[in-house]
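Starting off with a structure, shown below.
The values are calculated or read from the model by the stated rules, or taken from the named source; none is laboratory data. Computed from a prediction, not measured in an experiment: that's the story for all the values here. Note that each Cβ is placed from the backbone with ideal geometry, even for glycine, and that neighbours are counted across all protein chains shown. These area figures cover heavy atoms from the full protein model, side chains too; ligands, DNA and RNA do not enter into them. Shrake-Rupley method; radii C 1.70, N 1.55, O 1.52, S 1.80 Å.
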Amino acid sequence: MDVQTTAAPERVLFRHSDLSRLIDPKVIAVVGASPTPGAFGQRTLENLADFPGAVYGINPKYDEVMGRPCFPSIADLPEVPDALIVGVGQAFVAQTLEDAAAAGVGGAILYASGYAETGEPENIQAQQEIAELAQRTGLRVAGPNCVGLANLGTRAIMNFMTDCGEVTRGAAGGIGIVSQSGALGYTVLQAVQRGVGISHYLAAGNSADVDVCDYIAYLAEDPAAKAIVCLMEGVKSGERFLEAARLAQRSGTPLIVYKAGNSEAAGKAALSHTGTLSGSTAAYRAAVEEAGAIWVEDLEALTEVASFFVKNPTPPRTAGVGIMATSGGAGVINADKAEEHGLTLPPLSPETVATLETIVPSFGSVGNPADLTAEVLKDPETFVRCLDAFTSDPMLGALLVPLVFAHEATTGARAKVLCEAARHTDIPLVAVWMNDWLEGPGSHTLDADPRAAIFRSADRAAWTIRQWQHWHERRANSGGAPARISDPGARAIAEGILRSAHSGEAADGRRVLSESDSKAILAAYGIRVPGEKLAATPADAADAADAIGYPVVLKIASADIAHKSDVGGIRLDLGSREEVVAAATEILESVPRKVPDATIDGVSVQTQIASGPELLLGARIDAQFGPIVTIGMGGVLVEVLRDATIELAPFSASTARRGLERLRGFALLEGVRGDTSYDIDAAADAAGRFSELVADLADVLDEVDVNPLIVGKNGATAADGLVVTQVRTAALVG
């Protein structure tokens with residue numbers, strides 16, 4: 001597994017000008033050049049056979065290797081290399097890099113392994129020394145433990161992968177590949193063998209110096225890359241990743257991200273519900289989407305998604321999607337997937353219907369989806385007329401064409417027709433390959449075509465079209481930071497509460513605020529909370545309830561008890577003094593027996609909030625991306641339902657609303673079985689304010705929970721709150 005140096009200090013993002021000599025060299029030298037079959041130096045020179053620039057070998061044993069002049073050292077070369085490929089063992093790497101920096105080499109690719117990926121202290125230190133050399137000299141370094149790079153447009157195939165020069169021979173295209181894992185990235189690169197156009201293959205290895213963030217920034221500024229595929233396990237700096245991703249968005253270069261290593265292993269026990277719902281992968285996904293990139297769940301989807309974006313760079317003319325099938329079943333399947341992913345299948349225009357009715361037999365179906373039947377395939381011109389009718393329909397912004405059979409006479413010929421039609425329309429023309437012969441006749445034609453797209457899955461086709469629509473919507477609506485919702489003075493009020501708060505201590509030293517203090521912080525940010533009084537005895541609780549007004553809620557008051565319902569510390573809907581006294585007595589007697597080490601302050605008497613859908617607002621501070629907020633369906637079943645979405649803080653109320661709309665439980669907010677809708681705007685406003693709270697106090701907070709946020713017909717109220725601060729800020733709240 002490729003491993004990154006974690007000790008390297010934060011640095012600026014490398015841009016195109018910083019990496020151009022490394023990735024787009026004019027002169028290349030190979031240290032360790034060798035004629036020995038299978039040697040890294042031999043494979044590298046073989047892969048560089050088509051490179052039109054100067055290539056030199058460096059090896060004191062030879063004067064010439066594989067037709068290339070060879071010299072004893074870097075200093076003996078007739079000109080300074082832009083890129084130096086270092087194919088020697090670890091023992092020779094440090095001096096080679098020093099010599100390269102002294103000679104003015106632009107960048108180096110390190111094949112050698114045995115560094116931080118081993119986990120051994122001395123090897124980690126050796127990698128750190130490479131990082132320090134790069135920072136000190138300005139020599140850009142790819143690796144160590146790196147299989148190399150490939151610039152397909154210039155034929156600078158600078159890696160040791162067997163036959164890579166042969167594999168990548170052919171027309172270059174618009175997909176730039178960035179990968180921490182060289183082998184995993186190579187699986188995507190091999191799509192060139194079926195005609196998919198690739199511009200670059202950039203492997204990062206252990207990333208002592210150059211990493212995936214820098215590669216993304218480079219490709220975002222390179223006109224050859226029309227879309228970027230990024231395969232990663234993680235990044236050293238979330239801030240630099242976001243900067244690179246936003247650079248890609250601003251340049252109009254779609255960034256498609258696949259993250260491996262997504263199983264969650266919590267480093268500490270979560271005190272809030274949020275900790276069980278928002279692991280590191282959720283933070284990565286939120287960051288990817290917030291930066292305007294596309295998160296892909298399946299490796300198999302990467303090439304198809306990227307290729308579609310390359311072939312369709314302009315925004316959709318309309319959201320409507322058409323389905324033109326010659327099989328009723330295929331049409332239904334594609335319609336199901338379109339609906340599942342939120343695509344709109346509008347009625348065809350009267351002109352389109354009129355045209356199709358002159359072509360489609362009576363046993364077919366003129367609609368959307370359309371079943372043209374196999375009859376239209378008998379005459380190629382008939383199929384072309386149907387395509388023209390669909391692509392000319394003003395209601396449609398994309399067209400799906402399911403291909404059911406795989407024969408040269410059918411799909412082979414039809415693929416050529418689709419490619420020709422794609423050149424004469426401004427909407428995406430998408431062939432959905434539904435046969436198990438995935439590389440059957442016509443598939444390569446569609447893969448290689450600059451306009452027609454192919455998907456080997458109806459599900460991926462529909463999903464990608466929706467992502468394409470979303471991507472252009474986000475770009476059109478992207479602006480600066482969201483306008484602040486809460487009072488600018490809220491932070492100062494919250495910090496004052498933190499300084500004077502009564503808090504308990506978690507087992508690991510984190511500080512847990514009382515519910516009362518937690519809600520006071522929420523209220524400072526304009527989030528509505530219920531009226532509340534603290535009572536030490538059952539009689540005091542009854543007096544408090546009389547003052548507040550019935551019905552009331554009773555809760556155990558203790559900063560040492562994060563989840564009161566778990567210990568029987570909550571009673572709801574109490575309507576009289578007698579009920580309050582009885583409930584308070586029971587709580588104050590039973591809870592101390594269940595949690596004997598907890599400090600009990602009494603009971604909290606609170607206004608009973610009218611029933612309504614219950615949401616969760618939660619937050620934690622992610623090591624890579626800072627404050628992240630969870631918006632989900634709440635209540636006691638929050639971990640069971642696991643219906644949540646994640647956003648980077650801070651965000652606007654409109655972003656919060658979109659998050660709510662993604663929840664499976666959003667229908668509850670809209671009202672079911674004749675019920676009128678609840679105050680969704682108030683819930684979104686509360687979420688936006690909550691995100692500002694978390695962003696303001698990110699240097700202090702560890703976890704925050706509002707569960708439940710009860711959404712009423714008019715407003716939303718935080719019925720419970722939990723604030724946990726970091727160990728290192730314990731002095732602030734102690």
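Could you count how many residues in segment 551-572 are at pLDDT 90 or above, within 16 Å of residue 719 (Cα to Cα) and of a type in the set (A, V, I, L, M)?
First, the residues of segment 551-572 that are at pLDDT 90 or above: 551-557, 567-572.
Filter once more, so that each one left must be within 16 Å of residue 719 (Cα to Cα): 551-557, 569-572.
Next cut, of a type in the set (A, V, I, L, M) only: 552-554, 556-557, 570, 572.
The number of residues fulfilling the criteria is 7.
Residue 596 versus (1) surrounded by fewer than 15 Cβ atoms within 10 Å (Cβ to Cβ); (2) touching a residue at least 24 places away in the same chain (Cβ under 8 Å): which is the lone unmet condition?
(2)
Six or more apart or on different chains, Cβ atoms under 9 Å: show the pairs whose first residue is in segment 523-545 and without any contact (Cβ under 8 Å) to a residue 24 or more places away in the chain and over 12 Å from residue 690 (Cβ atoms) and whose second is not hydrophobic (A, V, I, L, M, F, W, C) and not in a helix (DSSP H, G or I).
Close Cβ pairs (under 9 Å, with a partner that is not hydrophobic (A, V, I, L, M, F, W, C) and not in a helix (DSSP H, G or I)) amount to 543/533.
Please go through segment 45-88 and pick out each residue that is in a loop (DSSP other than H, G, I, E, B), closer than 21 Å to residue 147 by Cβ and open to solvent by 50 Å² or more (accessible area, probe 1.4 Å).
Once the filter is applied, which keeps residues that are in a loop (DSSP other than H, G, I, E, B), closer than 21 Å to residue 147 by Cβ and open to solvent by 50 Å² or more (accessible area, probe 1.4 Å), segment 45-88 yields 49, 50, 66.
Check 373, 391 and return the single one that is closer than 23 Å to residue 337 by Cβ, under 39 Å from the mean Cα position of the chain (by Cα) and open to solvent by less than 20 Å² (accessible area, probe 1.4 Å).
391
Just to be sure, is residue 245 open to solvent by less than 50 Å² (accessible area, probe 1.4 Å), under 24 Å from residue 631 (Cα atoms) and at pLDDT 95 or above?
Details: open to solvent by less than 50 Å² (accessible area, probe 1.4 Å): yes; under 24 Å from residue 631 (Cα atoms): yes; at pLDDT 95 or above: yes.
Yes; evaluated as a whole, the condition is true for this residue.
Take segment 58-72 and flag every residue that is in contact with a helix residue (DSSP H, G or I) (Cβ under 7 Å, 6 or more places away or on another chain) and of a type in the set (Gly, Ala, Ser).
none
Next up: Of 565, 611, 516, which residue is in a loop (DSSP other than H, G, I, E, B), polar (S, T, N, Q), in contact (Cβ under 8 Å) with a residue 12 or more places away in the chain and open to solvent by 40 Å² or more (accessible area, probe 1.4 Å)? Before you say what the answer is, go through the steps one by one.
Details: 565 fails: in a loop (DSSP other than H, G, I, E, B); 516 fails: in a loop (DSSP other than H, G, I, E, B).
That would be 611, the only listed residue that is in a loop (DSSP other than H, G, I, E, B), polar (S, T, N, Q), in contact (Cβ under 8 Å) with a residue 12 or more places away in the chain and open to solvent by 40 Å² or more (accessible area, probe 1.4 Å).
Sticking with this structure for a sec: Which condition breaks for residue 413 when tested against (1) surrounded by fewer than 21 Cβ atoms within 10 Å (Cβ to Cβ); (2) closer than 24 Å to residue 336 by Cα; (3) among the aliphatic types (A, V, I, L, M)?
Answer for residue 413: the failing condition is (2).
Next question. Here are some residues: 126, 172. Which one is assigned to a helix (DSSP H, G or I) and either open to solvent by less than 40 Å² (accessible area, probe 1.4 Å) or closer than 27 Å to residue 446 by Cα (or both)?
Of the residues listed, the single one that is assigned to a helix (DSSP H, G or I) and either open to solvent by less than 40 Å² (accessible area, probe 1.4 Å) or closer than 27 Å to residue 446 by Cα (or both) is 126.
Within segment 190-217, can you find the residues that are open to solvent by 10 Å² or more (accessible area, probe 1.4 Å) and in a helix (DSSP H, G or I)?
The first filter runs over segment 190-217 and keeps only residues open to solvent by 10 Å² or more (accessible area, probe 1.4 Å), leaving 190, 192-195, 197.
If the condition is that a residue be open to solvent by 10 Å² or more (accessible area, probe 1.4 Å) and in a helix (DSSP H, G or I), then 190, 192, 193, 194 are the ones that fit.
Can you find a residue in segment 341-354 that is without any contact (Cβ under 8 Å) to a residue 40 or more places away in the chain, surrounded by fewer than 19 Cβ atoms within 10 Å (Cβ to Cβ) and in a loop (DSSP other than H, G, I, E, B)?
Taking every residue of segment 341-354 in turn, none turns out to be without any contact (Cβ under 8 Å) to a residue 40 or more places away in the chain, surrounded by fewer than 19 Cβ atoms within 10 Å (Cβ to Cβ) and in a loop (DSSP other than H, G, I, E, B).
I would also like to ask the following. Among the residues of segment 447-462, is there at least one that is among the hydrophobic types (A, V, I, L, M, F, W, C), part of a loop (DSSP other than H, G, I, E, B) and surrounded by fewer than 23 Cβ atoms within 10 Å (Cβ to Cβ)? Spell out the reasoning first.
Initially, segment 447-462 is screened for residues among the hydrophobic types (A, V, I, L, M, F, W, C), giving 448, 452-455, 458, 461-462.
Then keep just the ones that are part of a loop (DSSP other than H, G, I, E, B); that gives 452.
Next, from what is left, pick out any that are surrounded by fewer than 23 Cβ atoms within 10 Å (Cβ to Cβ): none.
Scanning segment 447-462 turns up no residue that is among the hydrophobic types (A, V, I, L, M, F, W, C), part of a loop (DSSP other than H, G, I, E, B) and surrounded by fewer than 23 Cβ atoms within 10 Å (Cβ to Cβ).
Scanning for something among the charged types (D, E, K, R), within 28 Å of the chain's Cα centre (by Cα) and either assigned to a loop (DSSP other than H, G, I, E, B) or at pLDDT 90 or above (or both), does segment 668-688 turn up at least one residue? If you could, list the steps in order and put the result at the bottom.
Step one: of segment 668-688, the residues among the charged types (D, E, K, R) are 670, 673, 675, 679, 681, 685.
Narrowing further to those that are within 28 Å of the chain's Cα centre (by Cα): 681, 685.
Applying the additional criterion that residues be either assigned to a loop (DSSP other than H, G, I, E, B) or at pLDDT 90 or above (or both) yields 681, 685.
Yes, because at least one residue in segment 668-688 is among the charged types (D, E, K, R), within 28 Å of the chain's Cα centre (by Cα) and either assigned to a loop (DSSP other than H, G, I, E, B) or at pLDDT 90 or above (or both).
Now for a different question. Before we move on, is residue 162 modelled with pLDDT under 95 and within 29 Å of residue 91 (Cβ to Cβ)?
On the way: modelled with pLDDT under 95: yes; within 29 Å of residue 91 (Cβ to Cβ): yes.
In short, yes.
Quick check on this structure: which one of 257, 305 is at pLDDT 95 or above, among the aliphatic types (A, V, I, L, M), part of a strand (DSSP E or B) and open to solvent by less than 10 Å² (accessible area, probe 1.4 Å)? Full working, then the answer.
On the way: 305 fails: part of a strand (DSSP E or B).
Testing whether each residue is at pLDDT 95 or above, among the aliphatic types (A, V, I, L, M), part of a strand (DSSP E or B) and open to solvent by less than 10 Å² (accessible area, probe 1.4 Å) leaves just 257.
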